[in-house]
Structures are given as structure tokens and as C-alpha cells.
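> Got a structure for you, written out below as C-alpha cells; questions coming shortly.
The values are calculated or read from the model by the stated rules, or taken from the named source; none is laboratory data. None of the values given here were measured: they were computed from a predicted structure. Counting neighbours? That spans all protein chains shown, and the Cβs are built from the backbone with ideal geometry, glycine included.
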Amino acid sequence: MASDSIALDHNGHEPSYLEYEGKHKGLLGWILSTDHKRIGILYLISILSFFAVGVTLGFLIRLELLTPQGTIVGPQAYNEFFTLHGVIMIFIVVIPVIPAVFGNFFLPIMLGAKDVAFPRLNLLTWYLYIIGGTLVLLSLILPGGAADTGWTFYVPYSVRTGTNMIFTLTAVFILGFSSILTGLNFLTTIHRIRAPQMGWFKMPLFAWSLYATSWIQVIVTPIVGITLLMVIVERVFHVGIFDPSLGGDPLLFQHMFWMYSHPAVYIIIVPAMGVISEVIPVFSHRTIFGYKFIAYSSLAIALFGSLVWAHHMFATGMSDTAEFVFSLLTFVVAIPSAIKVFNWTATLYKGSIELEAPLLYALAFIFLFSIGGLTGIIQGALNVDIYLTDTYFIVGHIHYVVFGGTGMGLFAALHYWLPKMFGRMYNKKVARVAFWFVFVGFNVLYFPFFILGWMGMPRRSYHYLPQFQTYHVISTVGSWILVIGLVLMLGNLLRSLINGKKITERNIWGGETLEWTVETPPTFENFENIPDVINGPYEYKQNEPATIEEEVK
Amino acid sequence: MSTQAVHVEAHEHRDDIRSRMGMWLFLFSELLLFGGLFLMYSVYRFMHQHDFSIASKEMNTFFGTMNTVILLTSSLTMALSITAIKRGSRKLSIFFQLVTILFGITFMVNKFIEWSAEFRKGNFPGSAILLNKPPGQILYFGLYYSMVGLHGIHVLVGMGLIAFMTRLTIKGIINKDDYVKLETAGLYWHLVDIIWIFLFPLFYLIT
């Protein structure tokens, strides 16, 4: 999109990307725009809408589990609910959310570029995303019922169940394609269009985390693509691939599914780690501790994370050698994550800390992700896992990692960057109150899962024994607190976009990365000139935040 | 305000390496997509050595060999069309692109004849004849149709891509100085070729 001239407004200022009018106007100006910032906003709106659907389903699941027997829905509907909750939250919300929204919006700006490498491809990924998301919703509405296999689609059940599996499987295939293209786009962007002085080790850590994530996306997503495609082929044409009645091996499906879906955990978490690496130095006004270690640990996670998939299958009777190797690698992959956690806490040490909403969420990330990570290690131990596998313990673990990790990372990013994106500030006090609702609600909701799991409560179960009820009731009450917090938080952010305090100052929080040197909200082309990158991304030593703004002017 | 002058200069310069890199990354993900299928093939071949050997004898090696020759030659004509445009002979380049598409069509027609013959023998998914065979042979044909079928879809996509490039060449958008689009389309076509080079021995030659 190289436009030769851009109409300046009457003050001689360039209009922001929100006001900029290209070939198309109005709604078309958005859904046909190849501007990385507008595509980021498109993703933001669509992902948050799907998030609302996912939260509603989760809320209903918790409501159902209030009593040991049926409470509000029947067992079939319950199966469809937890499947859709998983599919929407994993494939439609947390996998794309941070790269597609904040990566799209800020990666080019952070690198000193005007757009991503392939702007039209970028728009295509959004359309693929919408098609995928719509197919999942269609499966819910159309006769036949939504998928009821759980989000893992294990064969042979996924080949034989009479529900609208094909919709869901096709949706995940298309979403995977969208994910690959986003990864490819970011990789090329980072390699080819950094500002001339933006060396690899001058890149913000958010860019590093997206770099590692994009590699995982490109490398592992095709595997789940082909696996689910084969399940579709098997259902439609009765070709023998995985179904044991046709000679297939269901365990092969599990291996291939987890070859993607375990690294997908890192597609989910690494960008959130990138957000945390941005937020912590800014709100403690300190240089990040161990920059290179954090950067390399993202790559180490990408590498080792791709080699641990079979720890999801310890109970399937693999050879002892295989189990031993996968268990060992599982412990190894914890190291780079721990390196990050230690570096973040070291950054906070002796910093002048401003406890704003983004930092609160970042601290919650560290706390909750640590619990999630350590409970993961527990299940990485072979003998313990045989006891804990398929219990609520794993459900607790996944929610602490994915929601406590990426969810909190997302909320931190929203509070950190949304004012920059729209030029309006939210009510900071309400944001802090909402945080405490979210944090308390989260723990009340998910911590009992560990206890339930330890007591032997199986996951995905519609009925349960009466002795588990106390913890289920506590958990359901937690879900109410959490929903109040989420409504308060998102409501506060949404309200700010309509009538929040207008801000035009460039450097809202005192950050040192390039997005804080451009206008608020950014102009269509981001930069007037390709920026000079003299300092590293976190050099706080001499610079007071206020002076940077003056330098730019 | 001097900003206006800046924008006039702000032409995005062409970056051919960027386009090639994007295509290579895409091809990389394509290889992994087929890699999943090759993994399934090797696991099932390991589990059902004997059945795979029996089933593969039913393949028509003549058609397989012919298609290998056709596809390899088409990769040559594709490369020739790129060399032609580099040297500035547009007409020759268009000629070679059309020949490449023609080879692609021949490949698909052969495939059609070959599959029809297999279907007549009853070797198609879900047929009673196939279902009565041992599991290894069912898997062999399942993999055969899936892998060769997915490859066939790639041939079709590749042909469409080249046809589009031919249009761009006729319009002059692809020319002596700017031929990276044709080059990346060529890369895709070579991928289609390479995957076939592995499919051919796995299904037709190893017994």
C-alpha cells in the first residue's frame, strides 16, 4: 500500500488510522483494509465476541455442575457444551488472540515498519478466521448437534458420532491455515522489514516472542491440519486411516494430534510472555533483567516444546523408554519458562513500581502461570500422572496455564495498549477493582479443581459422587465472581472507547519501545520517517519518560 | 510543513527476497502437511509389511511411470519459462507456461484413467470387495487415495496458479525486470513435483 500522498487535515496533521479514508469508506474501509492496525482491530472485535460465547458456555458448564445429578441441561448437551467451550477457547480465542490482535497492530510499529510483509495475505487470514469461527457456531445451530467429543477429537468416537463433527473439524483446519499464514507473515516481516538500525538484539521482547511463536505455528500446525483432514476423509469417504474397524490405529491419531496440540500450548503462552516482558520493565521503570536470556528462552521453548507431545499419552501403554524420554523432556521444557519468571521478578527488584492495571495483570500472570507450570511438572512425572491423568487436576492445570497465563497476558495487553490504539483512557480505578474480582474469582473457580482431581474426580463427567459437591459449589460460586470481574473489566474498557478521556500524548506509560514514539492513535503510515533506533528497547538508565516525547517532537 | 514531501518519496521499494521467503516458508509448511501423511504411511507399512506388499502389486506401474516422466518434464518447462522471461522473450515464456499446464492436464487425465480402473476392480473406499481384504490392504488403499488425491489437488492448484501467471505475463505485469511472481509459482510447481517423486516409489515401486 504505497500511497504517494496522504491528505492532511486542516491543521497540517496526518489523520490517524481510525480516521484515514482510503479507496473504500465506512464499513468497507475496515473489512477491505490491508492496514495492519485495522486488521488488528477486526481481530480484536471478532475474538472478543467469540470469547464472550466461550465464557457463556463455561459459565453454563459450572452451573450444571452445581449438583451431582442433572441441574440445567441433559448429558448430551453437557458434552456439546464442554466440547464447544474447548474448541472456541483454544482454537478461536487463545491461539490467535495475542499475535493476531496485538502482534498485527504493534509488531510493524515496534520494528519501525509501515506494515507487515504481506498486507493482503494478512487480511486473508482474518477472512479464514471468520469462516472457521462461523462454521463452529453453525455446528451449534444446525440440526444434528454440535461436536461432542471434547476438543481433542479422539478417534474412533470422532469418526462415529452422529453430530456435526465435519463442521467443527473443517473449522479447525481452516483456522489452522489462517494461523500458518499469520506465522509466515510475521517471520518474513521480522526478517525483512525491520528499520535499518533495528538489529536483532534491539528488538523488543514482544517481537522476539512473536518470532518464536511464528516458527511453532509454521512448523506444527500442518500436522494437525492433515490429521483432522484425514478424520474428515474417513467420515465422508469411509477411507481406512484411524478407525480400528478398518485396521487403523487410534493411538496414531493421538500422537499426531498432540504433536500439534502440545506445541500449541506454547503458541498460546509465548506471546503472552512477550506482553509480560514489555509491561514489567515499563511499570517498574527498569531495564529488563537478562534480555538475551528471555529472547533465547522463547526459542528454547519453541524447540523443546515440540518434543514433549507424548506426555499426554502416558496412560496409553507406550514403551517404557518412550515414556522415560518424554517425561525427561517435559522437565527440560520447564527450564526456559522458569528463566523468564526469574528474570521478570529480578526486573521488579528495586524498581520504582507503579501498580497500574497492566502490571497487576502481569503479576497475576506470574503467580498463576507459576502454579500452572508447577502442576504441569507434577503430571510430567510418570508415576504421579498415571494416578492423576483424566482427572480434574489436568483441568485445573490447563486453566491455570491457558487462562491464568494467556488470559492474564491478554488482559494486561488490553490495559497496556488499548489507550494507545484508540487514544482514549479507561477508568483506572474501575480497572483495578475489576482486576481483584477477576483474580479472586479465578482462584475460587479453578483452585478447587486441583483438590477435586487429587480426590479422584474424573474430568468431562456429567454426574459426580456426592462427596465432591462442596468443592463443585465453591467452584461455581467462583465462576460467578469471575464473570462479574470480566463484565466489569470489559465494560470499563468498552466504555472508555466511547466516552473515555481523550489522550494525545505519545508516551502514555513511559515505555521505551517504538510504539510510544508515534502518535496516539497512530497515523496510517505509522512513522513520518523511518525511525532511528539508537537505544535498546528497555534503556531506562538516564531517560525519564517525559523527555522522550520531547525528543521526538 | 515539510511532511508532505516525505510521503512522495515514501515509495515502498520492491523486495524480491521477501516474496521468495514467504513462498519458501509456505512450501515448508506444505512439506510438513505431507510429512504427516508420510508418517502415517511409514507407521502402517511397519505394522503391515506383508499386506502393503500384496496391495502395491495391484498398482499400474505403467501409468505411474508415465506420470512421473510427465511431471518431471513439466518442471523443466516451468524452469524454461522463467529463464525465457529473464532473457526478455515473453512469447517463449508464455509458450512454456502453457506447455506446463498441458502437462498438468495430461497428468490428471492419466490419474483419472488409472483411478477408474481401480474403481472397476472394486478397490475403492467403502466397497465390499475392499472391506473383505485384510486391514493392511484397506489401509494401503486408504493412504493411496488420500495421499495421491491430496497431491492431485495440489496439481490442480498449481495449474491454476500458472494460468494466472500466464495472464500476468500477457498483461506485461510479469516482465524481464519483475518476474518474482512467476518464480514463486515455479517454486510451488516444483514442490508438487518433489512430492510425487516420493509418492511414486512408495506406492508403485516398493513391493
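> Going by the conditions given, is A:TRP344 closer than 30 Å to A:PHE367 by Cβ, free of Cβ contacts under 8 Å to residues at least 60 places away in the same chain and buried (at least 20 other Cβ atoms within 10 Å of the Cβ)?
no
> Quick check, is A:PHE167 in contact (Cβ under 8 Å) with a residue 24 or more places away in the chain, part of a helix (DSSP H, G or I), more than 9 Å from chain B (Cβ to nearest Cβ) and over 30 Å from A:SER277 (Cα atoms)?
So A:PHE167 fits the description; yes.
> Select from region B:151-167 the residues that are within 11 Å of the chain's Cα centre (by Cα) and β-branched (Val, Ile, Thr) and write down the one among them that is surrounded by the most Cβ atoms within 10 Å (Cβ to Cβ).
It comes out as B:VAL155.
> What's the number of the condition A:LYS350 fails, among (1) out of contact with any Lys or Arg (no Cβ under 7 Å at 6 or more places or on another chain); (2) at pLDDT 95 or above?
Unmet for A:LYS350, out of (1) out of contact with any Lys or Arg (no Cβ under 7 Å at 6 or more places or on another chain); (2) at pLDDT 95 or above: (2).
> Could you please let me know if A:THR149 is outside any helix (DSSP H, G or I), touching a residue at least 12 places away in the same chain (Cβ under 8 Å) and of a type in the set (S, T, N, Q)?
When the stated conditions are applied, A:THR149 passes them.
> Between a first residue in region B:17-38 that is more than 7 Å from chain A (Cβ to nearest Cβ) and a second residue that is polar (S, T, N, Q) and part of a helix (DSSP H, G or I), which pairs have beta carbons less than 9 Å apart while being 6 or more apart in sequence or on different chains?
Listed by first residue and then by second, the contacts come to B:SER19/A:THR188; B:SER19/B:THR184; B:ARG20/B:THR184; B:MET23/B:THR184; B:TRP24/B:THR184.
> In region A:301-332, how many residues are touching a residue at least 12 places away in the same chain (Cβ under 8 Å) and more than 19 Å from the chain's Cα centre (by Cα)?
20
> Do any residues in region B:125-139 that are closer than 15 Å to A:VAL233 by Cβ and within 8 Å of chain A (Cβ to nearest Cβ) have Cβ atoms under 6 Å from those of residues that are among the hydrophobic types (A, V, I, L, M, F, W, C) and assigned to a loop (DSSP other than H, G, I, E, B), where the two are at least six apart or on different chains, and which pairs are they?
Every condition considered, the pairs that remain are B:PRO125/A:VAL239.
> Let me ask something else about it. Among the residues of region A:376-390, how many are out of contact with any Ser or Thr (no Cβ under 9 Å at 6 or more places or on another chain) and either without any contact (Cβ under 8 Å) to a residue 60 or more places away in the chain or within 9 Å of A:PHE450 (Cα to Cα) (or both)?
Final tally of qualifying residues: 4.
> Next question, about the same structure. Between residues in region A:452-466 that are among the hydroxyl-bearing types (Ser, Thr, Tyr) and residues that are exposed (fewer than 15 other Cβ atoms within 10 Å of the Cβ) and modelled with pLDDT under 95, which pairs lie under 6 Å by C-beta distance while being six or more apart or on different chains?
Hits for this filter: A:TYR462/A:PRO75.
> Among A:LEU465, A:LEU494, which is the only one that is touching a Pro at 6+ places or on another chain (Cβ under 8 Å), away from every other protein chain (no Cβ under 14 Å), hydrophobic (A, V, I, L, M, F, W, C) and surrounded by fewer than 15 Cβ atoms within 10 Å (Cβ to Cβ)?
The unique qualifying residue is A:LEU465.
> Same structure, new question: Can you tell me which residues in region B:39-78 are β-branched (Val, Ile, Thr) and away from chain A (no Cβ under 14 Å)?
Correct list: B:THR61, B:THR65, B:THR68, B:VAL69, B:ILE70, B:THR73, B:THR77.
> Quick check on region B:112-120. Is at least one of its residues of a type in the set (Ser, Thr, Tyr) and either more than 14 Å from chain A (Cβ to nearest Cβ) or in contact with an Asp or Glu (Cβ under 6 Å, 6 or more places away or on another chain) (or both)?
Scanning region B:112-120, I find at least one residue that is of a type in the set (Ser, Thr, Tyr) and either more than 14 Å from chain A (Cβ to nearest Cβ) or in contact with an Asp or Glu (Cβ under 6 Å, 6 or more places away or on another chain) (or both), so the answer is yes.
> Another question, then. Can you name every residue in region B:40-68 that is buried (at least 18 other Cβ atoms within 10 Å of the Cβ), in a helix (DSSP H, G or I) and not polar (S, T, N, Q)?
Selection gives B:MET40, B:TYR41, B:TYR44, B:ARG45, B:ASP51, B:PHE52, B:ALA55, B:GLY64.
Residue-wise test of (1) buried (at least 22 other Cβ atoms within 10 Å of the Cβ); (2) assigned to a helix (DSSP H, G or I); (3) within 14 Å of chain A (Cβ to nearest Cβ).
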{"site": "B:TYR144", "(1), (2), (3)": "yes, yes, yes"}
{"site": "B:THR169", "(1), (2), (3)": "yes, yes, no"}
{"site": "B:ILE173", "(1), (2), (3)": "no, no, no"}
{"site": "B:ALA185", "(1), (2), (3)": "yes, yes, no"}
{"site": "B:TRP189", "(1), (2), (3)": "yes, yes, no"}
{"site": "B:LEU202", "(1), (2), (3)": "no, yes, no"}
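> Determine which single condition A:LEU124 fails, assuming it passes every other condition in (1) closer than 29 Å to A:LEU184 by Cα; (2) outside any helix (DSSP H, G or I).
Just one mismatch for A:LEU124, condition (2).
> Quick check on region A:197-244: of everything there that is of a type in the set (Gly, Ala, Ser) and under 20 Å from B:VAL43 (Cα atoms), which residue is nearest to the other protein chains (Cβ to nearest Cβ)?
Restricting to residues being of a type in the set (Gly, Ala, Ser) and under 20 Å from B:VAL43 (Cα atoms), the top hit is A:GLY240.
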